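Remarks on the structure that follows.
Each value in this text was obtained by applying a stated rule to the coordinates, not by laboratory testing. Treat the numbers as computed from the prediction; the structure is a model and nothing was measured. A quick note on method: Cβ atoms are made from the backbone with ideal geometry, for glycine too, and the neighbour counts reach across all protein chains shown.
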Amino acid sequence: MDLALQDITYCKGVGSKRADILRKELGVNTALDLLHHYPFRYIDRSRFTRIREIDNEEAWVQIKGQVIDYQTVGIGKTARLTATFSDGDDTVELVWFRGIQYIKLEKNKPYLLFGKPSVFNHQYNFPHPELTPLDKVNPQTTQGLMPLYNTTERMKTARLDSKTIYQIILSLKEQLLQGVPETIGMDIVKQYHLMGLTEALLNIHFPKNTQSIQKARERLKFEELFYIQLQLLRQMHRREQNKGFLMTRVGRLFNNFYHNDMPFPLTNAQKRVVKEVQSDLKSGRQMNRLLQGDVGSGKTLVALLCALLAADNGYQTCIMAPTEILANQHWQTLTQLLKTTPVQVALLTGSTTKKQRESLHLQLQNGTINILIGTHALIEDSVVFANLGLCIIDEQHRFGVAQRAKLWAKNVYPPHILVMTATPIPRTLAMTLYGDLKVSVIDEMPPGRKPVLTYHYSLQRRNTVYQFINQQIQKGRQVYVVFPLIKENESLDLKDLQNGFNELCETFPDYQLSMVHGQMKAQDKDLQMQRFISGQTQILVATTVIEVGVNVPNASVMIIMNAERFGLSQLHQLRGRVGRGAEQSYCLLLTKVELSKDTRKRMDIMVATNDGFRIAEADLQLRGPGDLEGTQQSGLPFQLKIASLATDGQLLERARQAAADILNNDPTLNDEYNRIYKQRLDILKQTVANWSEIS
Ligand code: ADP
Ligand code: MG
């Protein structure tokens, strides 16, 4: 029978109750689905360990020996079964907390123990080991590499442990040997030296050796990445068919500004990006472009120039920022830059009053306003444009399907889209998260920047740090002091912030201090920010609300308290607030003394480099893509089963290339020859949760 059609319920050892759990927990409906539940690791079952050799909590081991004693402790729900296991020389404790009524132990009978040790009371023990009478041990399972499968709590209560999963999969081996249909064209399998699907599935579950596991994993990873890329690139091709507003003119607004009002010449990178956007705008197709550039690389000016191009062609632009503070700042920057021009800029945020809103709506509808800056309120609000042509999104995560639909509906065609990331993201992540967008990169900083010098101190040495602050303020500089704010415990963090603020006030009685945090009213926050921006206050005490975009060139010192509580890209963002003026800038990271290995690495990287791309890459390596900031909120739209964006970069490049080659010849996948791909994409869309949200 076709494994793809075989209901998991009727597989050996499953039945309706377990099938239900497999469906809910793993999304497994058919026998073939289960074969795509891959082991997460293997143990060498031809090796037997002695108890005294155990030196690691993580490694699975098997030991030959006997139970010399056992007893049940406690009653009812809290009852547990403990046993003493001996290999002849040494003993170790075994313990079971669940299902103890099913466990029948016999003293002085040879057993094979299989399990993962843990430490309790400074001693190793084995919670829930597998004990098999030695004469019942299936010789097959003590040979070679044994796969281990992920299981969930619910699966465990239905006794669907790794071993049971393996047994079910083993019962499908005969059928698998008959072969399953290939899911990638043979030409690609050959070109990229991939293992066939059948062979890969056989080797992933019943490996011959570690090399064959490698090849099998490579094939399955390739397939996973390939279909994501195929979907993204197909989406890109489709979008490129979207009609877009034709903006062919470079007119008076752009030229006058460019030649007369620009405060400084563009860097070469900025010029290149403006040209790239310009060529999109005059293509007649809708632009979908991602602009990557490190903090301080000058994305705002690029955004402004693009908006002027749109205005020259009679179109309005909206610029969307993630926070009110940032929207405000953009508004101020642009208003200032454009003050001698006829270009009209307006601001719309949650704090805009009803009255202001009314007049704003009117001016938007009659086309007086050329550029509208704001938060998400821009699209959520019932804002009507006369002729919206360009939307610039200044944030890291992209917005969802519903929001996009709203934006699309604001004019007869969807507006051109330019997404600007607040901080660089690694290439693998960009190719996956934004794989359907064209990418522009600003890889050059404006001239004359001195790299920020970064140092790491323990909080115990804060007096040294305070002396340094004092010195810098004496020289006329301003200082940020940032405290962590973790959502789960806002009140505690606010207390930290308040205490920190008080301490700083006491330490620096001669200076003026501002404080801002997320719980403040927008008005108060603005007032405090304004005091700092205008130089009335020398020290700004803040939570991460200042993270994105804030621009005070005279502020040259960034102090980050409890830096261990920040992620790498957040630290980099914060550091990006300084180093914006002509003076040498500093970033001081203060942490507690005892640090975990990963935290120490984070601090070391911050001290070692200012390169946002390197930092993003390190962040990905340290934390994995799921935890990366920016992806946390939006989340990767899908879960990778076997491939990793942290380690499979090269494979991802190849998979993307393979997908691109196919689409270049046949963008719609309508060739008979490519039917396999079209069908597979359809299946994935139906079966994989969230797959349809890719793009
Ligand atoms: P980001 O890319 O982080 O948004 P900004 O657009 O805020 O960076 O620019 C950072 C600073 O660099 C601003 O003060 C801006 O005025 C300045 N700047 C931008 N482009 C140039 C340039 N070509 N030459 C000199 N300074 C520039
Ligand atoms: Mg910016």
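What the table below lists for this structure:
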{"item": "In Hz, Karplus ³J(HN,Hα) per residue of the stretch 83-100 (6.51, -1.76, 1.60; θ = phi - 60°; x = Gly, Pro)", "result": "9, 9, 10, 10, 9, x, 9, 10, 10, 9, 8, 10, 8, 10, 10, 10, x, 6"}
{"item": "When each of LYS271/LYS406; LYS495/LYS521; LYS107/LYS163 is checked by Cα-Cα distance, pairs over 26 Å", "result": "LYS271/LYS406"}
{"item": "Efficiency of FRET from Cβ geometry, GLN211 and ASN499, R₀ 60 Å, rounded to 0.05", "result": "0.55"}
{"item": "Residue order, fewest to most surrounding Cβ atoms within 10 angstrom, among ARG575, ARG50", "result": "ARG50, ARG575"}
{"item": "Crossing angle, helix 675-687 versus the chain [Cα axis fit, 0-90 degrees, rounded to tens]", "result": "90 degrees"}
{"item": "Vicinal HN-Hα couplings computed from phi for the stretch 273-290 (Karplus, 6.51 cos²θ - 1.76 cosθ + 1.60; Hz; Gly/Pro x)", "result": "5, 4, 5, 4, 5, 4, 5, 5, 5, 9, 7, x, 10, 5, 7, 9, 10, 9"}
{"item": "Relative contact order (%) - criterion: Cα under 8 Å, at least six apart; region: the stretch 189-279", "result": "18 percent"}
{"item": "Amide proton proximity set for GLY65, modelled H, under 5 Å, gap of 5+", "result": "TYR111, LEU113"}
{"item": "Part-to-part distance (alpha-carbon centres) for the stretch 35-53 and the stretch 347-392, which is given in Å", "result": "61 Å"}
{"item": "Separation between Cα centres of the stretch 1-31 and the stretch 315-346, rounded to whole Å", "result": "57 Å"}
{"item": "Partners for LYS24 among aspartates and glutamates (Cα-Cα distance below 20 Å; same-chain residues under 8 apart left out)", "result": "ASP7, ASP33, GLU153, ASP161"}
{"item": "DSSP beta bridge pairing in the stretch 228-381, given as percent antiparallel to the nearest 5", "result": "10 percent"}
{"item": "Lys, Arg +1 and Asp, Glu -1 on Cβ, resulting dipole of the stretch 453-609 about Cα centre, debye, nearest 20", "result": "360 debye"}
{"item": "Acute angle (nearest 10 degrees) that the helix 210-241 long axis makes with the longest principal axis of the chain, alpha-carbon atoms", "result": "30 degrees"}
{"item": "Other-chain or far-sequence residues with amide H under 5 Å of TYR124's (modelled H)", "result": "none"}
{"item": "Residue-span extension gain [VAL250 to GLN650] - 0.36 nm each, minus C-alpha spacing", "result": "140.0 nm"}
{"item": "Computed E for ALA79/SER16 - FRET, C-beta separation, R0 35 angstrom, nearest 0.05", "result": "0.70"}
{"item": "Degrees, to the nearest 10: 612-623 long Cα axis against longest axis of the chain", "result": "30 degrees"}
{"item": "Cα coordinate range in the stretch 453-609, projected on the principal axes (Å, largest first)", "result": "41, 36, 29"}
{"item": "Positive-pole candidate from THR157, GLY65, HIS128, dipole of the stretch 59-199, charges at beta carbon", "result": "THR157"}
{"item": "Dipole magnitude (debye, nearest 20) for the stretch 47-143, charges at Cβ of Lys, Arg, Asp, Glu", "result": "400 debye"}
{"item": "DSSP-defined antiparallel bridges as percent of all bridges, the chain, nearest 5", "result": "40 percent"}
{"item": "Sorted peptide list for 412-418, 305-311, 514-520, 592-598, criterion being average Cβ within 10 angstrom, highest first", "result": "305-311, 412-418, 514-520, 592-598"}
{"item": "Exposure proxy ranking, count of Cβ atoms within 10 Å, fewest first, for TYR677, TYR166", "result": "TYR166, TYR677"}
{"item": "Nonlocal amide H pairs with GLY244, under 5 Å, H built at 1.01 Å", "result": "ARG285, GLN286"}
{"item": "Distance between the stretch 187-208 and the stretch 131-185 - C-alpha centres, whole angstrom", "result": "19 Å"}
{"item": "Cα-based reach from LYS156 at 14 Å (exclusive), listing aspartates and glutamates while leaving out same-chain residues under 8 positions away", "result": "ASP20, GLU25, GLU130"}
{"item": "Shape call, the stretch 156-251: gyration tensor on alpha carbons, a/c limit 1.5", "result": "prolate"}
{"item": "Residue order, fewest to most beta carbons within 10 Å, for MET445, MET606, MET186", "result": "MET186, MET445, MET606"}
{"item": "Vicinal HN-Hα couplings computed from phi for the stretch 308-317 (Karplus, 6.51 cos²θ - 1.76 cosθ + 1.60; Hz; Gly/Pro x)", "result": "5, 4, 4, 4, 4, 9, x, 10, 8, 10"}
{"item": "The chain, relative contact order [Cα under 8 Å, separation at least 6], %", "result": "12 percent"}
{"item": "Filter on LYS77/LYS116; LYS221/LYS678; LYS299/LYS597 - keep pairs with C-alpha separation over 27 Å", "result": "LYS299/LYS597"}
